Ligand SMILES: C[S@@+](CC[C@H](N)C(=O)[O-])C[C@H]1O[C@@H](n2cnc3c(N)ncnc32)[C@H](O)[C@@H]1O
């Protein structure tokens, strides 16, 4: 069960582009989050999801994170697609953000089947993506996804997030997608470690900010942190930028394009 109280406040507070005075966030809502996913990609993506939905071969996973509320240690691709992946409207959001901001260097913490990775890569085909996954079997399934899409420019790393972030910094990422280990304290710890891997315009995307009380508390801590001048609550996901040139402001946004779609 997601944090229902905060979802209720999301629906009450969420704005469209009207009422947004920051030009940066206005553009985000008016242009970025209204981008249509490329037609051919959309068709191929539907076929891919249909294939994954039929894949019920069980495999064992090692979960280094907060675990799943619904799944055991034995999972299928079908289950991962439907319970813990960036398909649906938040897959579109990843595509739109990558398409609009055209990041050169992307980091994803939490690969799973590689569904989020594929959305980011198709949005910004020239980007180089590093994606980190703690479970070797799950990562091998993601590699099958990347082969299916014939994607290059993706580096997969089998490590815990902590091990990966302890490595020397060799690049400052333009976009960082944090989508694993949904525990409030760990999320804040990763954000701290990520500061040296990022620059002032880096976009941090947090998934599942309403997954639990402690994830919601972590999101509120990030929103009130003086270092982060732009924070955008999109319901399931939260977007964060340092952008020190901008006045600190928090936005709760529900793009018009979503119409009546829920999460
Ligand atoms: C929600 S899934 C990722 C979904 C994917 N990003 C997408 O968009 O479809 C989270 C993944 O993170 C991995 N994970 C969780 N905690 C981890 C940790 N501390 N270190 C490494 N991997 C972790 C899990 O094994 C799981 O496959």
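All of the numbers you see were taken from the coordinates with simple rules; none came from a lab. The shown structure was predicted, so the numbers you read here are calculated from the model rather than taken from an experiment. Note that we place each Cβ from the backbone using ideal geometry, even for glycine, and neighbour counts take in every protein chain shown.
Below, the figures for the structure above:
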{"read-out": "Fully extended contour minus Cα-Cα distance, from residue 245 to residue 41, at 0.36 nm per residue", "value": "69.8 nm"}
{"read-out": "Net lengthening on full extension, residue 51/residue 102 (0.36 nm per residue, minus Cα-Cα)", "value": "15.4 nm"}
{"read-out": "When the convex hull of its Cα atoms is projected in every direction, mean area for region 172-253 (nm²)", "value": "4.7 nm²"}
{"read-out": "Top of 233, 63, 225 by mean-square fluctuation, Gaussian network on the chain, Cα under 10 Å", "value": "225"}
{"read-out": "Sites residue 78 and residue 158, calculated FRET efficiency, Cβ-Cβ separation with R0 22 Å, nearest 0.05", "value": "0.45"}
{"read-out": "Peptide ranges 93-100, 237-244, 190-197 listed from the most packed, as the mean C-beta count within 10 angstrom indicates", "value": "93-100, 237-244, 190-197"}
{"read-out": "Tilt relative to the chain, helix 136-148 - C-alpha long axis, 0 to 90 degrees, to 10", "value": "80 degrees"}
{"read-out": "For the chain, the spread of Cα positions along each principal axis, largest first, Å", "value": "49, 40, 38"}
{"read-out": "Helix-only CD estimate at 222 nm, as mean residue ellipticity for the chain, using -39500 (n - 2.57) per DSSP H run (n ≥ 4)", "value": "-11500 deg cm²/dmol"}
{"read-out": "Added length on full extension, which subtracts the Cα-Cα distance from 0.36 nm per residue, residue 221 to residue 34", "value": "64.4 nm"}
{"read-out": "GNM result for the chain, Cα springs below 10 Å: residue of 169, 118, 37 fluctuating most strongly", "value": "169"}
{"read-out": "Between helix 39-53 and the chain: long-axis angle, C-alpha atoms, 0 to 90°, nearest 10", "value": "50 degrees"}
{"read-out": "0 to 90° range, to nearest 10: angle between helix 184-194 axis and the chain longest Cα axis", "value": "80 degrees"}
{"read-out": "Choice from 205, 178, 62 showing the highest fluctuation, given a GNM over the chain with Cα pairs closer than 10 Å", "value": "62"}
{"read-out": "Sequence of 154, 130 once ranked by neighbouring C-beta atoms within 10 Å, starting from the fewest", "value": "130, 154"}
{"read-out": "Percent of beta bridges antiparallel (DSSP, the chain, rounded to nearest 5)", "value": "25 percent"}
